[in-house]
Amino acid sequence: MGFHICAACDRNLPQSSFTVNEYFKGPGVSRCASCIYGTYPNAPPTERYDGGRYNQSSEGTVSTSALKNPFAQGAFRWVAKGKYTSGPREGQACVVKWFKTGAVFSNDYFTLDIKAVDTALEIVDRFNALGIVNKPVKVNVAQVWTFDDDVDDEWAGQKHLCEPFIQNYQRFNSNTGWTDYSVAWGEVMQALSHFSYHTSGGNYLLCDLQGGIYHDEVALSDPVVLSPTREYGVTDLGPEGISSFFSQHVCNNFCRPHWIQPANPVQYFVPRPGTAMVPSSTASSRTGGTSFFY
C-alpha cells in the first residue's frame, strides 16, 4: 500500500486513510476520509438503531498480556479480548481493535469504519422489518475509546475500537462473492446482501458478513459496504465487487423475486474467504491477481 499527501491537511497518509476514488486521484489532489467526512461521521448514538448491538458501557479492561498476544489480526489492526467494567454489560467480554500503524493514521480508518457500520445498520433495520427469518440480525456498533495510563506505555493514550465480543465466530460471505453454504445461515446472509442492493436502489451492497448465531439473534461485526463510487475505503471493491458478487449469487428461498440486481454481472475477483482490499493498481486486483486479504 502506498502513501499520499492529503491535499487538505498535508499529512502523508496510507491508502487506508482515503476512499478508493480519492486515493487514485493522486498525490496533491487526494483528500483523506477525515477531511471529507469529518472525524467519526454519523457516529450512531446509543440505541439509535434496533439492529445495533451496542457496548452499553463506557469502561473496560484488557490485560497487557492480551495486548501483547492478540487472538486475531487484520491487514491494518490487531484484535484482543477484554472485559466491560461498567454498565449493563459489566463483566461481559468485549473486543478491542487497534491499528498496527499507530494512532497517527487510525482516525481516518475509524471514520470509514463507522461510516460503513452506519450504512449497515440502516439496511439491517429494513431487513429485520420484513420478518423473513425468526431472529433479528444485529450489527456490532464499535465506539472509539482510549487506552488509559494503566496499560503498558506502548498503548497508553492510543485510540482503539471497542465492541461486544461474539461467540462461535464464523464467516458467511466475503466481499469477492464467496459464500459458505455449508452453514445454516449462509443463505440468509446471501439474501441480506441481495436485499441491501435492492433497498438502496443499487447504491450499496452489504457483504463480508461474519459473526455468531445466538438463540435470540444473529450478531455481525466488521461488515463491508461496496459502492459504485468506492466511498468506503480499501475494502470497497466498487462496481467490480458488486458485479462479482452477483455473478456468484443464486437467489434462494429468503430472496424475493422483485429484488433488483445488475444485468449480466461479470466476475472480476476470485471468490474466496477473507476480506479483499484494493491494491495499488486496480488491474492487479482482477481475477487471478487479487492482492491483500485478511
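Can you sort HIS198, HIS258, HIS4 by 1.4 Å-probe accessible area, starting with the largest? Numbers along the way, then the final one.
Numbers: HIS198 50, HIS258 125, HIS4 20 Å².
My answer, sorted largest first, is HIS258, HIS198, HIS4.
When DSSP assigns beta bridges and you keep just the ones with both residues in the chain, what percent turn out antiparallel, to the nearest 5? Spell out each step's value before the answer.
On the way: 32 of 37 bridges.
The answer is about 85 percent antiparallel.
Show me 157-164, 9-16 ranked by packing, highest mean number of other Cβ atoms within 10 Å first.
On the way: 157-164: 19.5, 9-16: 17.0.
The densest-packed peptide leads the list: 157-164, 9-16.
Show TRP98, TRP178 ordered by accessible area, largest first, where the area counts protein heavy atoms only and the probe is 1.4 Å. Display every interim value, and only then the final one.
Numbers: TRP98 10, TRP178 55 Å².
The most accessible residue leads, giving TRP178, TRP98.
Of the listed values [x] 57, 45, 43; [y] 76, 51, 44; [z] 55, 50, 31, grab the one calculated as Cα extents along the principal axes in Å from the structure here.
After the calculation, the listed value that fits is [z].
Suppose every K and R has +1 on its Cβ and every D and E has -1 on its Cβ; what is the size of the dipole of the chain about the Cα centre, in Debye to the nearest 20? Mind showing how you got there, number by number?
On the way: 22 positive and 27 negative charges, 134 e Å.
Charge dipole, the chain, about its Cα centre: 640 debye, nearest 20.
Residues of the chain: accessible area per residue at 1.4 Å, in Å²? All intermediate terms of the calculation are to be shown ahead of the outcome.
Working: 12320 Å² over 294 residues.
Result: 42 Å² per residue.
Measure up LYS135/LYS159; LYS68/LYS115; LYS81/LYS159; LYS83/LYS159; LYS81/LYS115; LYS81/LYS138 against 26 Å on the Cα-Cα distance and list the ones that go over.
On the way: LYS135/LYS159 34 Å; LYS68/LYS115 29 Å; LYS81/LYS159 16 Å; LYS83/LYS159 17 Å; LYS81/LYS115 24 Å; LYS81/LYS138 20 Å.
Checking Cα-Cα distances, LYS135/LYS159; LYS68/LYS115 exceed 26 Å.
Measure off 7 Å from each Cα along the Cα-to-Cβ vector at VAL183 and ASN69, then give the distance between these two points in nanometres to one decimal.
It is 2.6 nm.
Of all the stretches in the chain, which is the longest one without any exposed loop site, taking GluC sites (Glu not before Pro) in a DSSP loop (any state but H, G, I, E, B) with at most 15 other Cβ atoms within 10 Å?
155-294
Largest first, how would TYR49, TYR84 line up by accessible area (1.4 Å probe)? List each step's numbers first, then the result.
Values: TYR49 25, TYR84 5 Å².
Descending accessible area places them as TYR49, TYR84.
Rounded to the nearest 500, what is the 222 nm mean residue ellipticity of the chain from helices alone, with -39500 (n - 2.57) per DSSP H run of 4+ residues and division by all residues?
Values: 6 runs with 67 residues, N = 294.
The helix contribution divided over the chain gives -7000 deg cm²/dmol.
Specify which residue in the list GLN167, ALA72, ILE213 is farthest towards the positive end of the charge dipole of the stretch 72-213, using unit charges on the beta carbon of Lys, Arg (+1) and Asp, Glu (-1), about the Cα centre.
The residue sitting most towards the positive pole is ILE213.
For LYS97, which aspartates and glutamates qualify as cross-link partners when the Cα separation must be under 12 Å and same-chain residues fewer than eight apart are set aside?
The reachable aspartates and glutamates, counting only those whose Cα sits under 12 Å from LYS97, are ASP113, GLU163, ASP222.
Taking R0 as 22 Å, what FRET efficiency do you get between ILE5 and LYS100 from their Cβ-Cβ distance, rounded to the nearest 0.05? If you can, show how the numbers build up before the last one.
Numbers: r = 21 Å, r/R0 = 0.95.
Result of the calculation: an efficiency of 0.55.
Do any trypsin sites (Lys or Arg not before Pro) in the stretch 44-145 lie in a loop, going by DSSP, with at most 12 other beta-carbon atoms within 10 Å of their beta carbon, and if so which?
Details: sites: ARG48, ARG53, LYS68, ARG77, LYS81, LYS83, ARG89, LYS97, LYS100, LYS115, ARG126, LYS138; in loops: ARG48, ARG89, LYS100.
Passing sites in the stretch 44-145 are LYS100.
Explain nothing, just the number: dipole magnitude of the stretch 133-285 about its Cα centre with +1 on each Lys and Arg Cβ and -1 on each Asp and Glu Cβ, in debye rounded to the nearest 20. Present the calculation step by step, with values, prior to reporting the outcome.
On the way: 7 positive and 16 negative charges, 201 e Å.
Around 960 debye, computed over the stretch 133-285.
In percent, how large is the relative contact order of the chain, given Cα pairs closer than 8 Å and 6 or more residues apart? It would help to have the intermediate numbers written out before the result.
Details: 637 pairs, mean separation 48.3, N = 294.
Result for the chain is 16 percent.
Quick check: pseudo-label points 7 Å beyond the Cα along Cα→Cβ at GLU59 and ASP150, how many nm apart are they?
It is 0.7 nm.
Largest first and in whole Å, what are the equivalent-ellipsoid semi-axes of the stretch 83-212 based on the Cα gyration tensor, each being the root of 5 times an eigenvalue?
Numbers: eigenvalues 185, 60, 39 Å².
Three semi-axes, in Å: 30, 17, 14.
The values are calculated or read from the model by the stated rules, or taken from the named source; none is laboratory data. Fair warning: this is a prediction, and the values are worked out from it, not measured in the lab. As a convention, Cβ positions derive from the backbone with ideal geometry for all residues, glycine included, and neighbour counts pool all protein chains shown. These accessible areas exclude ligands, DNA and RNA; they are computed on the full protein's heavy atoms, side chains included. Shrake-Rupley method; radii C 1.70, N 1.55, O 1.52, S 1.80 Å.
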